[in-house]
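Notes follow the structure.
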Amino acid sequence: MMSSLDAATRRLTGLVQGDRSLVRLIGLALAVLVLFSVLSPQVFFSVINFQTIAFAVPEIGLLSLAVMVAMLTGGIDLSIVSIANLTALTTAGLFAAFDATAATGGQAVGLTVLFVAAGLLVAVLAGLFNGFLVSVVGVTPILATLGTLQLYNGIAIVWTGGEALYGMPEAFLALGINTVAGIPISFVVFALLGLALAVLLDRTPLGTKLRLVGANPTAARFSGIDNRRVLLMTYMVTGLLAGIAGVIIASRSASASPDYGASYLLLAIVVAILGGTNPSGGHGTVLGVVLATVTLQMLSSGFNIMRLSAFEYTIAQGLILIVVMVLDSVHTRRRGRRAAPPPGGSGPEASAAATPTGPSTGATAPVA
């Protein structure tokens, strides 16, 4: 038992030491925690405030993880909020159609499981359609998901007439408002899903293929990877994550609306990039996104406690993101300079490169 714990600790330590973005995030999270704890210790550094933060983290955290998964392949999913709302409306609509508020006990739990599964099926199908447009039709991800964003949002508005749906049983609302040992159930679900996603990305063939497609799609194809299938699976995963976020949103707010979370898309992109995800593909960690989500939520809570406006919080988000991107850019340039050989360099490598090894034909290898 102790040996496995030591091994896990060493792996976590190596991950943090090897990823500069995680080190910066941990430092930023501690700085935010210390700053607002000093400015308002009785309010910010309290159990109630941390519970409030834990209630708010899952929905934006799941949407950010969906963005991260899409970015790993070099793409993006702009339709995540629309998919979340469509899932919430599907679940709420089924509850209303079957008058589930009158159900009690085991019947209410059974209907909750059934209707949530139906909502998540809609989310997976929406993600599958995104993947079809990107991988089979060949539409650029940003344009494909921009189109489906409008499509799914339009379907939701036409379906509901732009009005919110209510009438959910207590068994469903418990997911968004109840706690276990003082920890919100929704946060426990978010933590378990984050762990499952980390295993999927780091310990399964699909995760490896997904990163390879994002890092170099041409090399991935020549190595025998079916890029189309990988992209289809990718957008199905992003759709499922967005759908679960929609279920949590509906259970927390006790309603479903076609225009809920209009600002969540940009925030999810900010969180994903702040968490160390490379928008060009190939790199990103679940731990980084989780840390970024918690950090920004602590920052938002601190701004509210200090009675600062939402606009000032938006400015802070932008400044933090710009600073992180500048630091990443500077680090990348410095690493490139260290790796580059000196001008007119000498040494075994330069000599080998300069020494002809045979007649030059000017031919190049054929490309399949």
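The values are calculated or read from the model by the stated rules, or taken from the named source; none is laboratory data. Predicted model, so just to flag it, every value in this text is computed and none were measured. Don't worry about glycine lacking a Cβ; one is built from the backbone with ideal geometry, like all the others, and counts go over all protein chains shown. Accessible surface areas use protein heavy atoms only, side chains included; no ligands, DNA or RNA. Shrake-Rupley method; radii C 1.70, N 1.55, O 1.52, S 1.80 Å.
A compact table of results
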item	result
For segment 187-330: Kirkwood Rh in Å [reciprocal of mean 1/r, alpha carbons]	17.2
Surface accessible to a 1.4 Å probe, Ile185 within the full protein complex, Å²	50
Difference of contour (0.36 nm per residue) and Cα-Cα distance, Val109 to Ser223	36.3 nm
Cα-projected label distance for Glu170 with Thr52, points at 7 Å along beta-carbon direction, nm	2.7
Within the accessible area of segment 230-329 (1.4 Å probe), percent carbon and sulfur	71
Highest-MSF residue in the chain out of Val270, Val290, Val38 [GNM, Cα springs under 10 Å]	Val38
Rounded if a/c under 1.5, otherwise prolate or oblate - segment 115-199, Cα gyration tensor axes	oblate
Selection from Gly75, Ala254, Ala242, by position along the positive dipole direction of the chain (Cβ)	Gly75
Axial C-alpha extent at least 20 Å, average Kyte-Doolittle at least 0.0 - helices from the chain (DSSP)	2-18, 20-39, 47-72, 80-97, 105-131, 141-160, 185-203, 227-253, 286-305, 310-339
1.4 Å probe accessible area per residue over the chain, in Å²	52
Cβ-placed point charges (K, R +1; D, E -1), dipole of the chain about Cα centre in debye, nearest 20	1180
Cα convex hull of segment 83-136 - mean projected area over all directions, nm²	3.8
Charge sum, other residues only, whose C-beta stays under 12 Å from Asn227's C-beta, Lys/Arg counted +1 and Asp/Glu -1	+3
Values of log10 I(q)/I(0), in the order q = 0.07, 0.10 Å⁻¹, for the chain under a Debye, Cα-only, solvent-free model	-0.37, -0.71
